[in-house]
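One structure is given here, and the rest of the page talks about it.
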Amino acid sequence: MDFTTYLKNYPNEKGYFGEYGGMVIPDVLMPAFEEIAEAYQTICHSSKFISELRRIRKEFQGRPTPVYHCERLSQYCGMAQIYLKREDLNHTGAHKLNHCMGEGLLANYMGKKKLIAETGAGQHGVALATAAAFFGLECEVHMGIVDIEKQAPNVTRMEILGAKVVPVSHGAATLKEAVDSAFEAYAADYENSIYCIGSAVGPHPFPLMVRDFQMVVGVEAREQFIEMTGNLPDAVCACVGGGSNSAGMFTPFVADPVEIYGVEPMGRGEKIGDNAATITFGSKGVLHGFESLLLQDEAGEAAPVYSVASGLDYPSVGPEHAYLHQQGRVNYASVTDEEAIEAFFKLSRMEGIIPALESAHAVAYAMKLAKEMKTGSILVNLSGRGDKDIDYVVEHYGTGEQYMD
C-alpha cells in the first residue's frame with residue numbers, strides 16, 4: 001500500500017479505516033454524533049479555529065514539548081540511542097490535553113454547556129477538567145472505583161478543577177465500565193453536552209478527531225529529531241491501549257522509511273483476564289459504537305482485561321490501529337507488568353524522569369529493541385509523567401532497588 005496519501009484517504013466519509021471504525025450506535029444517538037461530525041468537518045479547516053488552537057497550545061499548554069536524548073539509558077542498553085518525546089512536560093502531565101483542548105473548542109463552537117467523559121488512569125479526566133475550566137464549561141467524569149483507588153491524586157486534581165467525578169462500581173469497575181457509564185449519561189443529555197472520549201476509539205468522528213488533535217506530537221517530534229540528528233529515527237515506539245498517544249505519534253511517520261512499534265500490555269500473562277493485549281489476542285467485534293479488534297470471551301462479549309497501567313486496561317483498540325496492523329505498517333508487540341515496572345525504575349534512576357506506567361511500557365520495549373538493534377536510534381513517545389502512579393508503585397514494588405543492576 002502507498003502510504004503517501006494515507007491521511008487523505010483514511011478514514012473514509014463514514015469513518016472506516018478499511019473494515020474497522022464506523023458509527024455502530026442506537027438510532028436515537030445518530031443525530032448527536034452526526035452533528036459532532038459535521039461541526040468538526042466544518043471547523044477543522046477554519047483558519048480561525050486552527051489559529052486559536054495553536055495559540056492555546058503555545059500559551060496555555062506549553063508546546064512544543066522537547067525531544068530528549070537518554071544518554072545513560074542508551075549506554076546501559078548498548079549502542080542504539082533512545083530518545084523521548086517529552087509529553088510528560090505538556091500541561092497537566094500527559095498528551096491527553098492535546099485533544100481535550102480541541103474538543104473543548106469544538107464544544108464552544110457547537111454551543112454546548114457540558115463536557116462528559118470517562119477516564120482510566122485519570123489523565124484524560126484531569127485534562128478534560130482543565131479544558132472545561134479554561135472554556136467555562138461544566139465537566140462530568142466517569143471513573144471505575146478500582147481506578148479511583150489507584151489514581152487518587154488525579155481524582156483530587158479533577159475535583160479541584162471543578163469536575164464532578166462519578167464512581168462506577170459495576171462489572172470490573174475499570175475503564176470499560178467507565179465508558180459504558182459515560183455513554184449512558186451522554187445519551188440522557190446530548191442536546192446540552194458533548195461526549196469527549198479519552199482515546200482514538202468510539203463512534204466516528206472520534207477516532208479521526210483524536211488522531212488529528214494528537215498528531216501535533218508526531219509532527220513536532222519528527223521535525224525536532226531531524227533538527228537534532230540530521231536523520232529520521234530508525235524506529236518509533238509508543239504504548240497502545242485505546243491508542244490516542246500512539247496514533248498521534250505514528251501517523252506523521254507512516255510514509256517514512258521508519259519501523260513503527262505499538263506496545264500493548266501483556267499484564268500478568270497470556271490467559272484471558274490477565275492482559276489487555278487486544279491486537280495480539282483479539283478478533284473483530286463491536287464495542288462502544290465502533291468496529292475493531294476486541295478481546296472476547298466464549299460468549300462473544302468483551303472479555304475482562306488487566307494491566308498495571310490503568311490507562312491501558314481496555315478490551316478493544318482504536319480502529320486505525322487495527323487497520324495499520326492489518327496492513328502490516330505498524331508492528332504491535334507487548335511487555336509484561338514486570339518489564340514495565342523495571343523500565344519505570346530504570347528511567348527514573350538513570351535519567352531523572354519518572355514516567356507514567358502507561359509510558360513505561362513503551363520505554364520497556366524500546367530498551368529491549370535497543371539491545372536487539374545494537375546500533376541506530378529509537379524515538380519513544382513518553383506520553384505522561386508518573387506522579388499519579390508513585391503511591392501505587394511504592395506500595396506494591398518498593399522504591400526499586402531490586403530493579404537496579
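Just name the residue that is modelled with the lowest pLDDT out of those in the range 135-160 that are surrounded by fewer than 17 Cβ atoms within 10 Å (Cβ to Cβ) and more than 18 Å from Ala356 (Cβ to Cβ). Explain how you work it out, then say what you get.
Just the residues of the range 135-160 that are surrounded by fewer than 17 Cβ atoms within 10 Å (Cβ to Cβ), to begin with: 136, 138, 145, 149, 152-153, 156, 159-160.
Subset that is more than 18 Å from Ala356 (Cβ to Cβ): 136, 138, 145, 159-160.
Details: Gly136: 97, Glu138: 97, Ile145: 94, Glu159: 97, Ile160: 98.
Per the criteria, the residue is Ile145.
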message = Looking at the range 358-379 only, could you name the residues that are under 22 Å from Ile226 (Cβ atoms) and surrounded by fewer than 24 Cβ atoms within 10 Å (Cβ to Cβ)?
response = Leu369, Met373, Thr375, Gly376, Ser377
Residue identified as modelled with pLDDT under 95 and either more than 30 Å from Pro26 (Cβ to Cβ) or open to solvent by 20 Å² or more (accessible area, probe 1.4 Å) (or both) among Ala185, Ala121, Ala178, Ala238 = Ala185
task = Among the residues of the range 34-80, write down those that are out of contact with any Leu (no Cβ under 8 Å at 6 or more places or on another chain), under 17 Å from Asn381 (Cα atoms) and buried (at least 20 other Cβ atoms within 10 Å of the Cβ).
result = Ser74
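A quick yes/no check of all residues on (1) out of contact with any His (no Cβ under 9 Å at 6 or more places or on another chain); (2) open to solvent by less than 10 Å² (accessible area, probe 1.4 Å); (3) in contact (Cβ under 8 Å) with a residue 24 or more places away in the chain:
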position: Gln326; (1), (2), (3): yes, no, yes
position: Asn331; (1), (2), (3): no, no, yes
position: Ala340; (1), (2), (3): no, yes, yes
position: Lys346; (1), (2), (3): yes, yes, yes
position: Gly352; (1), (2), (3): yes, no, no
position: Ala356; (1), (2), (3): yes, yes, yes
query = Looking at the range 191-200, is at least one residue of a type in the set (A, V, I, L, M), touching a Cys at 6+ places or on another chain (Cβ under 8 Å) and closer than 18 Å to Met101 by Cβ?
reply = no
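Got a number for residues in the range 6-15 being closer than 12 Å to Phe253 by Cα and either open to solvent by 60 Å² or more (accessible area, probe 1.4 Å) or of a type in the set (S, T, N, Q) (or both)?
Step one: filter the range 6-15 for residues closer than 12 Å to Phe253 by Cα, giving 6-7.
Restricting the remaining residues to those that are either open to solvent by 60 Å² or more (accessible area, probe 1.4 Å) or of a type in the set (S, T, N, Q) (or both) gives 7.
Total satisfying the criteria: 1.
Taking Glu223 as the residue in question, decide whether it is on the phi < 0 side of the Ramachandran plot, open to solvent by 40 Å² or more (accessible area, probe 1.4 Å) and free of Cβ contacts under 8 Å to residues at least 60 places away in the same chain.
Numbers: on the phi < 0 side of the Ramachandran plot: yes; open to solvent by 40 Å² or more (accessible area, probe 1.4 Å): yes; free of Cβ contacts under 8 Å to residues at least 60 places away in the same chain: yes.
Yes, satisfied.
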note = Of those in the range 296-319 that are assigned to a helix (DSSP H, G or I) and open to solvent by less than 10 Å² (accessible area, probe 1.4 Å), the residue farthest from Val201 (Cα to Cα) is Ser310
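Which one of these is open to solvent by less than 50 Å² (accessible area, probe 1.4 Å) and within 30 Å of Cys77 (Cβ to Cβ): Gly269, Gly285? Lay out the reasoning, then the answer.
On the way: Gly285 fails: within 30 Å of Cys77 (Cβ to Cβ).
Gly269 is the lone residue from the list that is open to solvent by less than 50 Å² (accessible area, probe 1.4 Å) and within 30 Å of Cys77 (Cβ to Cβ).
Quick check on this structure: which one of Val216, Val254, Val210 is within 14 Å of Lys85 (Cα to Cα) and either out of contact with any Leu (no Cβ under 7 Å at 6 or more places or on another chain) or open to solvent by 10 Å² or more (accessible area, probe 1.4 Å) (or both)? I'd like the intermediate steps shown before the answer.
Working: Val254 fails: within 14 Å of Lys85 (Cα to Cα); Val210 fails: within 14 Å of Lys85 (Cα to Cα).
Every option except Val216 fails the conditions.
Just to be sure before I move on: is Glu395 open to solvent by 10 Å² or more (accessible area, probe 1.4 Å) and in contact with a Phe, Trp or Tyr (Cβ under 6 Å, 6 or more places away or on another chain) in the structure I sent? Please lay out each step first, then the result.
Values: open to solvent by 10 Å² or more (accessible area, probe 1.4 Å): yes; in contact with a Phe, Trp or Tyr (Cβ under 6 Å, 6 or more places away or on another chain): no.
In short, no.
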request  = Please find, within the range 104-157, the residue that is nearest to Ala178 (Cα to Cα) out of those that are in a helix (DSSP H, G or I) and free of Cβ contacts under 8 Å to residues at least 12 places away in the same chain.
outcome  = Glu149
note = Pairing a residue in the range 77-95 that is at positive phi with any residue that is modelled with pLDDT under 95 and open to solvent by 30 Å² or more (accessible area, probe 1.4 Å), where Cβ atoms lie under 7 Å and the two sit 6 or more apart in sequence or on different chains, gives Gly78/Lys374; Gly93/Asp387
ask   = Does the range 191-199 contain at least one residue that is of a type outside the set (A, V, I, L, M), open to solvent by 10 Å² or more (accessible area, probe 1.4 Å), out of contact with any Phe, Trp or Tyr (no Cβ under 6 Å at 6 or more places or on another chain) and closer than 19 Å to Gly328 by Cα?
value = no
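The values are calculated or read from the model by the stated rules, or taken from the named source; none is laboratory data. This one's a predicted model, so the numbers in the text were calculated from it and none came from an experiment. Don't worry about glycine lacking a Cβ; one is built from the backbone with ideal geometry, like all the others, and counts go over all protein chains shown. Heads up: the accessible areas ignore ligands, DNA and RNA and are worked out on the full protein's heavy atoms, side chains in. Shrake-Rupley method; radii C 1.70, N 1.55, O 1.52, S 1.80 Å.
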